[in-house]
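Read the figures in this text as sums done on the coordinates, not as results from a lab. Since this is a predicted model, take the numbers as computed values, not measurements. Virtual Cβ from ideal backbone geometry, glycine too; neighbours counted across all protein chains shown.
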Amino acid sequence: MSDANLIPVLPAVTAFLGREHGLFIDGRTVPAQSGDRQAVYGPATGEVIAHVADGDAGDVDRAVQSAHAAFRSGAWTGLRPAERERILLRFADVVEAHAEALAQLETLNQGKSINLSRMIEVGASIEYMRYMAGWATKIEGQTLDVSIPVPPGTRYTAYTRREPVGVVAGIVPWNFPLMIAIWKVLPALACGCTVVIKPSQETPLTALYLAGLAAEAGVPPGVFNVVTGRGSRAGDALTRHPRVSKISFTGSTAVGKQVATAAIDNLARFALELGGKNPMVVLADADVDQVVQGALLGGFLNQGQVCAAASRLYVQRRRYDAVVEALGAAVAGLSVGPGLDPGAQINALVSAKQQQSVGRYLEIGRAEGARVVAGGRVLDRPGYFVEPTLLAGMRQDMTLVREEVFGPVLVALPFDDVDEVVRMANDSPYGLTASVWTNDLKAAMNLVPRIEAGTVWVNSHVPVDPNLPFGGYKQSGIGREFGRSAIEAYTEIKSVCIAH
Ligand code: NDP
């Protein structure tokens, strides 16, 4: 791959990378109290691209106290909803003005294609920001009839209000660092909460950039804070802080359970968006070309580092060979290269750790008898590249059918009838997403309610929308993001009862 294919990096991005990054607390950049720093790597090359502050429990305390003071002061919560909405819309405009810089920064730090950074990580996030900004003026309660009999002759009028829950801790993973930070910050701010974000140590840069833009847009000091650092140190301290009222966590199921345990200690509210091992169910009447395109998008978007990704492909036996052959050829034809090359379809994984983890899964797959239809290798070149891979000859009890690989690896299995595929699809501790591929309306409508998943797509896999609730069944999580569900998640209900 020659550098000639790479888009030129904006001077503003180069300057941002070279900065002495600190934590973002109380509206300004401050150093970590310990002075500890961490290197940030570029997945396309494996080289250090920046350094950030490595925050600890003391830094987390400063950020939470700042968020708590801002919440109590009413500087944000007390604004008229229309004022909050206007500031959040301005925030979206400022992000839009910096769209290309944010997209390049994300690609340099996360590894993903610049096309994906522009379209999803930044473009879709701006739409999400405007959608959530609009909720600030649409939060509502109910009026309720009550039958309280005392004192005699007294009547009551009762109603509910939704009030902001307080300080929100947002723990953000490395697969969509900017987008998932925005998924947490915007509904929280729309409801009048204040926020402390802890990005993944692998991908801390865009959250820091975003915090600066929030301040530029007029979000008051203390309302949006960012503490960079390790999950086991800064993340752990944040989830245990007694002044945190709500934790919104996206990441692995194992860490999600730790976060929930810490939340229970303080009776903090929590929402968990965790892993998935998502089935893509293809009935025999489905169009093979459409299925192949759907599997490429559903299985290989962001190198498969997507909680909602299609990772188990079940094809009705009559079409199994045709689908595996066509998909194998398509997967083998995907071009591999750095994210800054807009022509590269598969890019580096986020980290050396993730590359090793996916490599180990590929070895396990081979050892258990999987047949490699396409790809199958960790690439021996600088950066964290793994070939896009399709495996066949799988059995339901194999490790790669059961565990989340979180890489560019799709496994294919045949099935005979619908009852069998329902059993196989639901035979997983996870239940995040699924898709059904058929042009038989009756078959689709019968299958959708039988699949244990928070989202089921028909004839597509992976698109999400700000107005459509998103979250998991079973061990894929608790709670829903997006739409009205997000607003409910960041508010408490207060009942008001007036005697007259
Ligand atoms: P983790 O669950 O470890 O990380 C997710 C977030 O939690 C990161 O910000 C991390 O910080 C933070 N964190 C880690 N430990 C703690 C803790 N004790 N308390 C509070 N926060 C903590 O995921 P990994 O990065 O290790 O990825 C492992 C696997 O998790 C992946 O292979 C994939 O299967 C799954 N995953 C799922 C995601 C999803 O979208 N649902 C996203 C990412 C991963 P830091 O990174 O700094 O340690």
Q: Evaluate the Kirkwood expression for the hydrodynamic radius of region 277-350, namely the inverse of the mean inverse distance over all pairs of different C-alpha atoms, and round to one decimal in Å.
A: 13.0 Å
Q: Would you please give the residues with an amide H less than 5 Å from that of Tyr41, counting only those at least 5 places away or on a separate chain, with H modeled from the backbone geometry?
A: Ile49
Q) In nm², what is the average projected area of the convex hull enclosing the Cα atoms of region 17-159? A) 13.5 nm²
**Q.** Compactness index (Cα Rg / 2.2 N^0.38 Å), region 168-214
**A.** 1.03
Q. Order of Ile114, Ile126 from fewest to most other C-beta atoms within 10 Å?
A. Ile126, Ile114
Q. Let a ≥ b ≥ c be the square roots of the eigenvalues of the Cα gyration tensor of region 24-68; is it rounded (a/c under 1.5), or, if not, prolate (a/b larger than b/c) or oblate?
A. prolate
Q) Lys198: which aspartates and glutamates have alpha carbons under 17 Å from its alpha carbon, excluding same-chain residues fewer than 8 sequence positions away? A) Asp26, Asp36, Asp54, Asp56, Asp59, Asp61, Glu106, Asp236, Glu273
(Q) Using alpha carbons only, how many angstrom separate the centre of region 113-152 from the centre of region 301-353? (A) 34 Å
Q) What residue among Gln110, Pro43, Ala63 has its Cα farthest toward the positive end of the dipole of region 40-115, where the charges are +1 on Lys, Arg and -1 on Asp, Glu, each on the Cβ? A) Ala63
Q. What percent of all Cα-Cα pairs in region 439-492 falls in each 5 Å bin, counting up from 0?
A. 4, 17, 21, 23, 18, 10, 4, 2, 0
Q. When all alpha-carbon pairs of region 342-500 are counted, what percent fall beyond 23 Å?
A. 55 percent
Q: Kindly identify the chain as rounded, prolate or oblate by the Cα gyration tensor criterion: order the square roots of the eigenvalues as a ≥ b ≥ c, call it rounded if a/c is under 1.5, otherwise compare a/b with b/c, prolate if a/b is larger, else oblate.
A: oblate
Q | Compactness of region 32-115 - radius of gyration and Dmax, Cα, Å | A | 17.8, 48
Q. Which ³J(HN,Hα) values in Hz, rounded to whole numbers, follow from the phi angles of region 232-244 under the Karplus curve 6.51 cos²θ - 1.76 cosθ + 1.60, where θ = phi - 60° and Gly and Pro get x?
A. 6, 10, 5, x, 4, 5, 5, 6, 9, 5, x, 8, 7
**Q.** Separation between Cα centres of region 4-43 and region 458-500, rounded to whole Å
**A.** 33 Å
Q. Tally Lys/Arg at +1 and Asp/Glu at -1 over every other residue whose Cβ is under 12 Å from the Cβ of Arg318; what's the total?
A. -2
Q. Is the shape of region 161-265 best called rounded, prolate or oblate, per the rule: a/c under 1.5 gives rounded, else a/b larger than b/c gives prolate, else oblate, with a ≥ b ≥ c the square roots of the Cα gyration tensor eigenvalues?
A. oblate
Q. Span-like helices, the chain: DSSP H, alpha-carbon axial extent 27 Å or more, mean Kyte-Doolittle 0.5 or greater, which ones?
A. none
(Q) Out of the trypsin sites (Lys or Arg not before Pro) in region 1-76, which ones are loop residues according to DSSP with at most 16 other C-beta atoms within 10 Å? (A) Arg19
Q. Scaled to the compact-protein estimate 2.2 N^0.38 Å, what is the alpha-carbon radius of gyration of region 220-295, rounded to two decimal places?
A. 1.68
Q.
Out of the GluC sites (Glu not before Pro) in region 103-190, which ones are loop residues according to DSSP with at most 15 other C-beta atoms within 10 Å?
A. Glu140
Q | Whole-Hz couplings from phi, Karplus 6.51/-1.76/1.60, listed for region 162-175; x for Gly and Pro | A | 9, 10, x, 6, x, 7, 9, 9, x, 9, 10, x, 9, 7
Q: Using Cα pairs closer than 8 Å and at least 6 residues apart in sequence, work out the relative contact order for the chain, in percent.
A: 18 percent
Q. Going by how many other beta carbons lie within 10 Å of each one, how would you line up Lys353, Lys442, Lys112, fewest first?
A. Lys442, Lys353, Lys112
Q.
Over all directions, the average projected area of the alpha-carbon convex hull for region 361-453 comes to how many nm²?
A. 7.1 nm²
Q. Taking N as the number of residues in region 249-404, what is its alpha-carbon radius of gyration divided by 2.2 N^0.38 Å?
A. 1.15
Q. So what is the calculated 222 nm ellipticity per residue for the chain, using -39500 (n - 2.57) for each DSSP H run with n of 4 or more, over all residues, to the nearest 500 deg cm²/dmol?
A. -11500 deg cm²/dmol
Q. Amide H neighbours of Ser311 under 5 Å, counting only residues 5+ apart in sequence or on other chains, H built in-plane at 1.01 Å?
A. Asn278, Met280
Q.
Show me the GluC sites (Glu not before Pro) within region 36-90 that DSSP assigns to loop and that have at most 11 other Cβ atoms within 10 Å of their Cβ.
A. none
Q: Using the structure shown, list the pairs from Lys184/Lys474; Lys277/Lys494; Lys112/Lys138; Lys277/Lys353 with a Cα-Cα distance above 28 Å, or answer none.
A: Lys277/Lys494; Lys112/Lys138
Q: State the percent of C-alpha pairs, over all pairs in region 129-183, separated by a distance greater than 18 angstrom.
A: 63 percent
Q. Order of Thr29, Thr194 from fewest to most other C-beta atoms within 10 Å?
A. Thr29, Thr194
